[in-house]
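Taking it in order: structure first as structure tokens, then the write-up.
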Number of protein chains: 2
Amino acid sequence: MDNYPSILLGNAVDQFASLPGVGRKTALRLVLHLLRQPQDKVNTFAKALTDLKANVHYCRICHNISDQEVCSICSSHHRDRQTICVVENIQDVMSIENTGQYNGLYHVLGGIISPIDGVGPKDIEIDSLVERILPENIKEVILALPTTMEGDTTNFYIYRRLNAFIQADQPLRVSQIARGVAVGNDLEYTDEITLGRSIINRTEFRV
Amino acid sequence: MDNYPSILLGNAVDQFASLPGVGRKTALRLVLHLLRQPQDKVNTFAKALTDLKANVHYCRICHNISDQEVCSICSSHHRDRQTICVVENIQDVMSIENTGQYNGLYHVLGGIISPIDGVGPKDIEIDSLVERILPENIKEVILALPTTMEGDTTNFYIYRRLNAFIQADQPLRVSQIARGVAVGNDLEYTDEITLGRSIINRTEFRV
């Protein structure tokens, strides 16, 4: 489908097709949809993109996306400023915020250690995490990384980097999010590793 | 997922999520992808959209999309100017062009008659089709509309509108694209109506 009847149409399709998971047929469908919209709606769309790229900031403390230099979570006085939850990316912050179960701070690594993808510890925000840990201020680091090999590697690396704080007189607590059978799942359909770990890491039954 | 850490991010996600078939999670993924691109790439993306909407034309003869007032197909001297292929939309023109089997002109209706969607004959480009038929110039109209009830209704309506030309001394030929078993399909998995029609409309076997 590359015989576009208009160069402008072809350009717009090229742009959409450069997005991840968008093929040329989908791109064409999206562009033709936009073409049916009024001019000001299309301009608003385009402006939202340029504004975003030109004006968005990354919080200089936690590296979450933000409209200010320091994000609303890092600058909030209503949050537990002694706990840092370490996540891979911005979506993870949003997912955890949506649970309503966490009221501490975050640290967005911007990736996880993955030698196969050429991502090492220096490529992600681990140094800046270690710099944030002042024993008198931070009591706990929660590791909330993906439960994959890469996530485990990154967890282990961070744990090693935080070792001095863990061994200190006022020890830093390093925890990781619970792994186990997802709520609503049958044991029968849970994979063996998850089920095995859920037995090993069983918790006290409370009524 | 509506706790966006940045208003600019939320705006951009809103725009993408307004596209058909794009949910809010996908929209966020696309926006975060764009955010990782250099500023000039994002500006090019935005410019392609505004340029398209501001400068694209619809051919005043066939209503296909075009960079000029008359599209390259309608203005070409290398095409058979006695045949018009009637299609629902711009994608259909591109699909037929890609087959390389057709060298005539097109007429894009911009929709098909669908009472359930409130689309009547006056809402699509049927009048302009009839006006294009000058018996001395146009010898054949090929109906290449979807093989649905709405497509059949539109075919029938166009046939009726062209009746005077069909009954003329030099009759206009009105044909429709062949319906039958798709190439590569087993008869076993072809629906009964299609298979039945493919027997009724069988063609001469040629070696």
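The values are calculated or read from the model by the stated rules, or taken from the named source; none is laboratory data. Note that the structure is a prediction, hence the values are computed from the model and not measured. Every residue, glycine among them, receives a Cβ derived from its backbone with ideal geometry; neighbour counts consider all protein chains shown. Just so you know, the surface numbers come from the protein's heavy atoms only, side chains and all, with ligands and any DNA or RNA stripped out. Shrake-Rupley method; radii C 1.70, N 1.55, O 1.52, S 1.80 Å.
How large is the convex hull of the Cα atoms of the stretch B:1-77 per residue, expressed in Å³ as a whole number?
Numbers: hull volume 9.7 nm³, N = 77.
Spelled out: Cα convex hull of the stretch B:1-77, divided by residues, is 126 Å³.
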- Message: Running a GNM on chain B with Cα contacts under 10 Å, which residue among B:Pro20, B:Pro146, B:Pro38 ends up with the highest mean-square fluctuation?
- Response: B:Pro20
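Keeping all protein chains in place, calculate the accessible area per residue for the stretch A:110-207 (probe 1.4 angstrom), answer in Å².
Numbers: 7000 Å² over 98 residues.
Value returned for the stretch A:110-207: 71 Å² of accessible area per residue.
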- Query: To one decimal in nm, how far is A:Lys25 from the same spot in the other copies, if labels go 7 Å from Cα toward Cβ? Please give the shortest first.
  - Reply: 2.3
- With +1 on the Cβ of every Lys and Arg and -1 on the Cβ of every Asp and Glu, the dipole magnitude of the stretch B:58-207 about its Cα centre, in debye rounded to the nearest 20, is 480 debye
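Compute the normalised compactness of the stretch B:64-126: alpha-carbon radius of gyration over 2.2 N^0.38 Å, N being the residue count.
Details: Rg = 12.9 Å, N = 63, 2.2 N^0.38 = 10.6 Å.
My calculation over the Cα atoms of the stretch B:64-126 gives 1.22.
Out of the DSSP beta bridges found with both residues in chain A, what percent are antiparallel (nearest 5)? Working shown, then result.
Working: 3 of 15 bridges.
Close to 20 percent.
Roughly what % of DSSP beta bridges within the protein assembly as shown run antiparallel, to the nearest 5? Display every interim value, and only then the final one.
On the way: 6 of 30 bridges.
So the antiparallel bridges amount to about 20 percent of the total.
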- Item | Rg(Cα)/(2.2 N^0.38 Å) for the stretch B:96-207, N = residue count | 1.22
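Of all the accessible heavy-atom surface of the stretch B:63-120, with the other protein chains kept in place and a 1.4 Å probe, what percent is carbon and sulfur? Please report the intermediate quantities before stating the final value.
Values: 1280 of 2640 Å².
Carbon plus sulfur share of accessible area: 49 percent.
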- Accessible surface of A:Val31 in the full protein assembly, 1.4 angstrom probe, to the nearest 10 Å²? 0 Å²
- Once the dipole of chain B is set up with Lys and Arg at +1 and Asp and Glu at -1 on Cβ about the Cα centre, which of B:Tyr157, B:Ala54, B:Leu134 lies farthest towards its positive end? B:Ala54
- Task: Would you give the gap between the C-alpha center of the stretch A:28-59 and the C-alpha center of the stretch B:169-207, rounded to a whole Å?
- Result: 45 Å
- Note on the structure: At q = 0.06, 0.07, 0.12 1/Å the base-10 log of I(q)/I(0) from the Debye formula over the alpha-carbon atoms of the protein assembly as shown is -0.43, -0.55, -1.02
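Scanning chain A for GluC sites (Glu not before Pro) in DSSP loops with at most 11 other Cβ atoms within 10 Å, what's the longest stretch left with none? Walk me through the numbers before you get to the answer.
On the way: sites that count: A:Glu136, A:Glu204.
Longest run free of exposed loop sites: A:1-135.
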- Area buried, chain B against chain A - accessible surface, total, 1.4 angstrom probe, square angstrom: 5000 Å²
- Task: Please turn the phi angles of the stretch B:8-23 into ³J(HN,Hα) values with the Karplus equation 6.51 cos²θ - 1.76 cosθ + 1.60 (θ = phi - 60°), one per residue in order, whole Hz, x for glycine and proline.
- Result: 4, 5, x, 4, 5, 5, 4, 5, 5, 5, 7, 7, x, x, 10, x
- Task: Quick one: among B:Ile193, B:Ile116, B:Ile65, which has the greatest mean-square fluctuation in a GNM of chain B with alpha-carbon springs under 10 angstrom?
- Result: B:Ile193
- In nm, one decimal, shortest first: how far is the label point of B:Glu140 (7 Å from Cα along Cα to beta carbon) from the matching points in the other copies? 7.7
- Number of partner chain Cβ atoms within 10 Å, mean per residue of A:55-65: 3
- Kindly identify residues of the stretch B:69-117 having a loss of at least 30 Å² in accessible area between the isolated chain and the assembly of all protein chains, probe radius 1.4 Å. B:Gln91, B:Met94, B:Asn98
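With a 1.4 Å probe and all protein chains in place, put A:Arg179, B:Arg24 in order of accessible area, largest first. Before the final figure, lay out the partial values.
Working: A:Arg179 45, B:Arg24 85 Å².
Putting A:Arg179, B:Arg24 in descending order of accessible area: B:Arg24, A:Arg179.
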- How large is ³J(HN,Hα), in whole Hz, for each residue of the stretch A:56-61 in order, when computed from phi with the Karplus curve 6.51 cos²θ - 1.76 cosθ + 1.60 and θ = phi - 60°, using x for Gly and Pro? 6, 10, 10, 3, 6, 8
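What number comes out for accessible area per residue over the stretch B:30-107 if the probe is 1.4 Å? Units Å², please. List each step's numbers first, then the result.
Working: 3560 Å² over 78 residues.
With the other protein chains kept in place, the stretch B:30-107 gives 46 Å² per residue.
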- Which chain B residue comes nearest the axis with its C-beta when you rotate B onto A, and by how many angstrom? B:Ala46, 2
- Item | B:Cys62 long-range amide H proximity, modeled H, under 5 Å | B:Cys71
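Which net charge results for the neighbourhood of A:Tyr102, defined as the other residues with beta-carbon distances under 12 angstrom from its beta-carbon, given Lys and Arg at +1 and Asp and Glu at -1?
On the way: positive: A:Arg79; negative: A:Asp80, A:Asp92, A:Glu97, A:Glu140.
Summing Lys and Arg as +1 and Asp and Glu as -1 gives -3.
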- Note on the structure: Once amide hydrogens are built 1.01 Å from N within the peptide plane, the residues lying 5 or more places from A:His107 or on another chain with amide H under 5 Å from its amide H are A:Cys85, A:Val86, A:Val87
- Message: Over all directions, the average projected area of the alpha-carbon convex hull for chain B comes to how many nm²?
- Response: 18.0 nm²
- A correct Karplus calculation of ³J(HN,Hα) over the stretch A:157-164, with 6.51 cos²θ - 1.76 cosθ + 1.60, θ = phi - 60°, whole Hz and x for Gly and Pro, returns 4, 4, 4, 4, 5, 8, 3, 4
- Just the accessible area for B:Asp40, please: 1.4 Å probe, Å², rounded to the nearest 10? 100 Å²
- Note on the structure: Here the correct list, in nm and shortest first, of distances from A:Arg81 to the same site in the other copies, label points 7 Å along Cα→Cβ, is 7.9
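Loop only per DSSP, at most 14 neighbouring Cβ atoms within 10 Å: give me the chymotrypsin sites (Phe, Trp or Tyr not before Pro) in the stretch B:110-207, ordered by residue number. If you can, show how the numbers build up before the last one.
Values: sites: B:Phe156, B:Tyr157, B:Tyr159, B:Phe165, B:Tyr189, B:Phe205; in loops: B:Phe205.
Sites meeting the loop and neighbour criteria: B:Phe205.
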- Message: When only alpha-carbon atoms are used, what values of Rg and Dmax, in angstrom, describe the stretch B:51-158?
- Response: 13.8, 41
